[in-house]
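First the structure, then my questions, so here it is.
No lab work stands behind these numbers, since they all come straight from the coordinates. Nothing here was measured: the structure is a model prediction, and the numbers come from that model. With ideal geometry, Cβ positions are generated from the backbone for all residues, glycine too; neighbour counts draw on all protein chains shown.
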Amino acid sequence: MVDIDLDAPNGRLWFEGSGGRDPIPCDVPPGAYRARVSGRGYTEAAAGTEGMDSYRLQLWPRGQKTPPRGRKIWHGWQDGTIN
């Protein structure tokens, strides 16, 4: 899980899955946001099970620029092992 700055000056975000799927547009009010990106199902996906990982994007208005902040990590992401 990580918090990042995300600017959407034209009010449109695009989500694109892996594997060549078509991008999905999402309209939001134009502006500067702080975003939290999180996911789950990494262990199953790493084991080869397709479609078991999922992701969440949360947005809220941002007043000033802020550095990215890691909040939680998936065990094994640095060395490729799964715990």
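For a distance above 17 Å, tell me the whole-number percent of Cα pairs in region 2-69 that qualify.
53 percent
Using θ = phi - 60° and the Karplus form 6.51 cos²θ - 1.76 cosθ + 1.60, what ³J(HN,Hα) does each residue of region 10-26 get, whole Hz, x for Gly and Pro?
9, x, 10, 10, 10, 10, 9, x, 6, x, x, 5, 5, x, 10, x, 9
Hey, another quick one. If I model a spin label as a point 7 Å beyond the Cα along the Cα-Cβ vector, how far apart are those points for Q58 and S38 in nm?
0.5 nm
Okay, next question. Give, rounded to the nearest 20 debye, the magnitude of the charge dipole that region 2-69 has about its Cα centre when Lys and Arg contribute +1 at Cβ and Asp and Glu contribute -1 at Cβ.
360 debye
Please report the relative contact order for region 2-69, taking Cα pairs under 8 Å with a sequence separation of at least 6, and give it as a percent rounded to a whole number.
36 percent
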